[in-house]
Amino acid sequence: MKDIYQIAVVPGDGIGPEVAAAAVRCLDALFGPAGPLVLREHPAGAELYRRSGESFPAATYAACRDADAILHGAAGLPGIVHPDGTEAGLDFTLRLRFELDLFANIRPIRLYPGVRSPLAEVAPGGIDYVIVRENSEGLYAARGAGAQLRGELAVDTLVQTRKGVERIVRQAFELARSSRGAPADGVRRVTCVDKANVLRSYAFFRAVFDEVAAEYPEIEAEHGLIDAMAMYLVTRPGHYNVIVTENMFGDILSDLAAATIGGLGLAPSAEIGVTQGLFQASHGSAPDIAGKGIANPYGTLLSAAAMLDWLATRHADARLGAGARRLRQAVEAAIAEGVLGRDLGGRYGSAEITEAVCARLG
Ligand code: ATP
Ligand code: MG
């Protein structure tokens, strides 16, 4: 336990500053002026690059590396790219992800009472599962190192290492073991999503999954092929508890999953490694709605609650665990009482939603 936790806040681009401000406001209201968090803002992103020629200053990187946790809005804007063609803003996420080895991308998918899901009919018992996406390997690890041959042929490489698969699968089983919820049928299970019937790399992922699964006999282990899973997450979402999968499949499935619980605006995410965690909503910078005051801050608020939970466990600090619970309950209460933005069929703006949550912090 520490007296004070340093949080590096990186608002970023588009709606990033709006949703980050909402999180800062709620965290301030949660703990009051003498609270355990010191929230300090640091610049990064495409807008900064446009203004200054730099998208990820060394000082911001150092602050993120040395902080106890990182809270992020969103980074990147269409058309603002570095001379080598890579998106300005993307380097923020990727450098932190790879240099701080944030190997696990944890995305809870939960349908809150008060939100209309297109799947309400197929999931009478609710939707409440977690996607654990491998964040450091797979098809995305090469980061543009793929090859293109004279406009005729292009190749990318999918890499899975034993170390990489083992640690993400273990993370998934530990989560299933410790998590409060289990699916409607009460069975704790971890589902490995792959394409093991066609590709060697995925067969390897599955084989390592099976080895680790044997260490957790009390948790049901099952396999799902990615194509079938795209169907099952729509037709029987109530079946799932923890889903573990390779980087790109996790990327795709988590957008699909977010749509089933009310959209990207509600979906939180945590990218964690051994020593550092980066917390941000699942959505991007949504430039189409930036500056209009209508961005949904709930995904970022739930990410801030996940940050408190992660810090609470890591530092055995009950204050933070209690704070996470209060913040989450306030979000749930506001949603249940119909405090919804336009993305969810409501009429509230970002600031009104934020104040509604603060008012319910108790
Ligand atoms: P990225 O490439 O960073 O993942 P993206 O292209 O997937 O970004 P997002 O920025 O995530 O796109 O947004 C997709 C659309 O979803 C936006 O155009 C916006 O209309 C909507 N959206 C995203 N986040 C929110 C939010 N917090 N509140 C309301 N609408 C949102
Ligand atoms: Mg996206």
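The values are calculated or read from the model by the stated rules, or taken from the named source; none is laboratory data. What you see is a predicted model; the values in this text were computed from it and never measured. Using ideal geometry, Cβ is built from the backbone for each residue, glycine included, and neighbour counts are taken over all protein chains shown.
Please verify whether V357 is part of a helix (DSSP H, G or I), on the phi < 0 side of the Ramachandran plot and of a type in the set (V, I, T), treating the condition exactly as stated. Answer is yes for this residue. Here is a list of conditions, (1) free of Cβ contacts under 8 Å to residues at least 60 places away in the same chain; (2) away from ligand 1 (no atom under 16 Å from the Cβ), and D288 meets all of them except one; can you say which number that is? Every condition holds for D288 apart from (2). Each residue in the stretch 123-158 was checked for being without any contact (Cβ under 8 Å) to a residue 40 or more places away in the chain and in a strand (DSSP E or B), and 6 of them qualify.
Number of residues in the stretch 114-155 that are under 28 Å from V274 (Cα atoms) and not β-branched (V, I, T): the value is 15.
The residues in the stretch 241-254 that are more than 16 Å from ligand 2 (Cβ to nearest atom) and over 28 Å from G125 (Cβ atoms) can be counted, and the count is 1.
Select, from A176, A172, A213, the only residue that is crowded, with 19+ Cβ neighbours inside 10 Å and touching a Lys or Arg at 6+ places or on another chain (Cβ under 7 Å). Just a single option satisfies the conditions, and that option is A176.
G250 meets all of the listed conditions (1) small (G, A, S); (2) modelled with pLDDT of 95 or more; (3) in a strand (DSSP E or B) but one, namely (3).
When A322, A356 are checked against the criterion of being without any contact (Cβ under 8 Å) to a residue 40 or more places away in the chain, more than 16 Å from ligand 2 (Cβ to nearest atom) and either under 17 Å from L37 (Cα atoms) or surrounded by 24 or more Cβ atoms within 10 Å (Cβ to Cβ) (or both), a single residue qualifies: A322.
Could you tell me which residue of the stretch 1-57 is surrounded by the most Cβ atoms within 10 Å (Cβ to Cβ), considering only residues that are more than 16 Å from ligand 1 (Cβ to nearest atom) and hydroxyl-bearing (S, T, Y)? Applying the filter and picking the extreme gives Y5.
Residue count for the stretch 144-197 satisfying the condition of being among the charged types (D, E, K, R) and in contact with a helix residue (DSSP H, G or I) (Cβ under 8 Å, 6 or more places away or on another chain): 8. Apart from one condition, A295 fits all of (1) within 26 Å of A120 (Cα to Cα); (2) crowded, with 24+ Cβ neighbours inside 10 Å; (3) within 16 Å of the chain's Cα centre (by Cα); the exception is (3). The numbered conditions (1) within 16 Å of ligand 2 (Cβ to nearest atom); (2) in a loop (DSSP other than H, G, I, E, B); (3) under 22 Å from D128 (Cβ atoms) are all true for D343 except (2).
Are any of the residues in the stretch 15-24 at pLDDT 95 or above and part of a loop (DSSP other than H, G, I, E, B)? Within the stretch 15-24, one or more residues are at pLDDT 95 or above and part of a loop (DSSP other than H, G, I, E, B). Output the residues belonging to the stretch 88-122 that are farther than 26 Å from D309 by Cβ and either crowded, with 20+ Cβ neighbours inside 10 Å or under 19 Å from the mean Cα position of the chain (by Cα) (or both). The answer is A88, G89, L90, D91. In the condition set (1) of a type in the set (V, I, T); (2) assigned to a loop (DSSP other than H, G, I, E, B); (3) free of Cβ contacts under 8 Å to residues at least 40 places away in the same chain, V38 is compliant with all but (2). Residue check: A207 meets all listed conditions (1) touching a residue at least 40 places away in the same chain (Cβ under 8 Å); (2) over 14 Å from the mean Cα position of the chain (by Cα); (3) assigned to a helix (DSSP H, G or I); (4) away from ligand 1 (no atom under 15 Å from the Cβ) but one, namely (1). Only one entry in A257, A306, A270 is within 26 Å of G341 (Cα to Cα), within 16 Å of ligand 2 (Cβ to nearest atom) and either among the hydrophobic types (A, V, I, L, M, F, W, C) or part of a helix (DSSP H, G or I) (or both), namely A257.
Among the residues making up the stretch 58-81, those that are free of Cβ contacts under 8 Å to residues at least 60 places away in the same chain and within 16 Å of ligand 1 (Cβ to nearest atom) are G79, I80, V81. Pairing residues of the stretch 251-267 that are among the hydroxyl-bearing types (S, T, Y) with residues that are assigned to a loop (DSSP other than H, G, I, E, B), at Cβ distances under 9 Å and at least 6 apart in sequence or on separate chains, gives S254/A267; S254/S282; T260/L111; T260/S117; T260/P118; T260/L119; T260/A123; T260/I127.
Taking every residue in the stretch 220-240 that is free of Cβ contacts under 8 Å to residues at least 12 places away in the same chain and hydroxyl-bearing (S, T, Y) and pairing it with any residue that is part of a strand (DSSP E or B) and loosely packed, with under 15 Cβ neighbours inside 10 Å, at least 6 positions away or on another chain, yields no pair with a Cβ-Cβ distance below 7 Å.
Number of residues in the stretch 319-329 that are small (G, A, S) and over 20 Å from the mean Cα position of the chain (by Cα): the value is 1.
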